[in-house]
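The values are calculated or read from the model by the stated rules, or taken from the named source; none is laboratory data. No experiment lies behind these values; they were computed from the predicted model shown. With ideal geometry, Cβ positions are generated from the backbone for all residues, glycine too; neighbour counts draw on all protein chains shown.
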Amino acid sequence: MSGMQTDAAKATSGAFVDARKLADDDVLDRTLQETTGALGIMSRPKVVDFNARLKEKRKAGLRSIVSHVAITVVSLGVVIGLVWLLFFSPVLRLEAANISISGANEWVSEQQIRDIAQQQAGKSLLVVSTNDVTTKLKDIPGVTQAEAKRKFPQGMEVTVTAQKPAAMLKVGDSALTAVDSQARVLNSVNGASAEGIPVIEVESVDSGLQNRAVKEALKILSALPESMRSSVTAVKAQTQDSITTELNGGDRIIVWGDSSELKLKMAVVDKIINDPTKIGDKHQVDVSAPYRPIIK
């Protein structure tokens, strides 16, 4: 080892060195490759510029903030645009001209129905209240059922079931007043005919509409099939449980009692008056107690 150090010193000073005594290639390679230990080349450590690193971090943070702000602004813009499109733009706006009406008759005018439906015109179909429309339609005298449906993109379909008057209330020799099954006054359209509509004589229209016997009679009359109802020529409603109707000028007299079990009562009456073996020469049928009908 001392010999190698001597030779290296000589080589450093420019003296002759015996090549046979130089280190072999493995030692040289290790010296060039290693950076630690007894062998190897000493290298100066890398100097870190903390100011530059701090600037880079600040720039990265700023880019992140700008990116988040941009995403928020774009998202907010999309939401605002969507809200405007769905609720305020003409795309889904209900147009009065696109409201269709069906079911009106000579006692419930189409204009009455349209006036209610058009209260929703100008609104987005998404906020149109079909429940409000149907509730108000059912308040029209003569309307028994009502339905309103949205028709995208800009329409609404309104369907009602309008009945004829259940009866006409008559006060002395005065004009007749049409009323429905719920004792509500109907206004005729273009002077509708009252032919075939039963008449109930009352002391006054107002008192008649509040009278329980009249209300029971209206329920019974409105439930009768049209073939029987059109044959009613007189109605007596002295008490709420003694409602009586005359058919064909008194050819048949039906004592209904009240409006309870009405379907059963109608079935019993229909069977008796249409079966000669049961009605015989009698002309009065009392179904106030439908399980024990009385024929006179």
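Numbers below:
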{"read-out": "Test result for S100, surrounded by 16 or more Cβ atoms within 10 Å (Cβ to Cβ) and within 20 Å of the chain's Cα centre (by Cα)", "value": "no"}
{"read-out": "Segment 118-160, residues that are farther than 26 Å from S181 by Cβ and either assigned to a loop (DSSP other than H, G, I, E, B) or among the acidic types (D, E) (or both)", "value": "A121, G122, K123, L125, L126, V127, V128, S129, F152, P153, Q154"}
{"read-out": "Residue in segment 253-260 that is within 29 Å of T161 (Cβ to Cβ) and either part of a helix (DSSP H, G or I) or in the same structural domain as E106 (by TED's automatic domain parsing) (or both) present", "value": "no"}
{"read-out": "Residue, nearest to the chain's Cα centre (by Cα), within segment 262-296, restricted to residues that are buried (at least 16 other Cβ atoms within 10 Å of the Cβ) and either small (G, A, S) or under 19 Å from L218 (Cβ atoms) (or both)", "value": "L262"}
{"read-out": "Matching entry among A162, A166 (being farther than 25 Å from N98 by Cα, buried (at least 17 other Cβ atoms within 10 Å of the Cβ) and not β-branched (V, I, T))", "value": "A166"}
{"read-out": "Set G61, G14: member being at pLDDT below 90, small (G, A, S) and either in a helix (DSSP H, G or I) or assigned by TED's automatic domain parsing to the domain that holds K149 (or both)", "value": "G61"}
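For (1) closer than 12 Å to T159 by Cα; (2) exposed (fewer than 15 other Cβ atoms within 10 Å of the Cβ); (3) in contact (Cβ under 8 Å) with a residue 24 or more places away in the chain, each residue gets a yes or a no:
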{"site": "W84", "(1), (2), (3)": "no, yes, no"}
{"site": "R93", "(1), (2), (3)": "no, no, yes"}
{"site": "Q112", "(1), (2), (3)": "no, no, yes"}
{"site": "G122", "(1), (2), (3)": "no, yes, yes"}
{"site": "V128", "(1), (2), (3)": "no, no, yes"}
{"site": "V133", "(1), (2), (3)": "yes, no, yes"}
{"site": "I140", "(1), (2), (3)": "no, no, yes"}
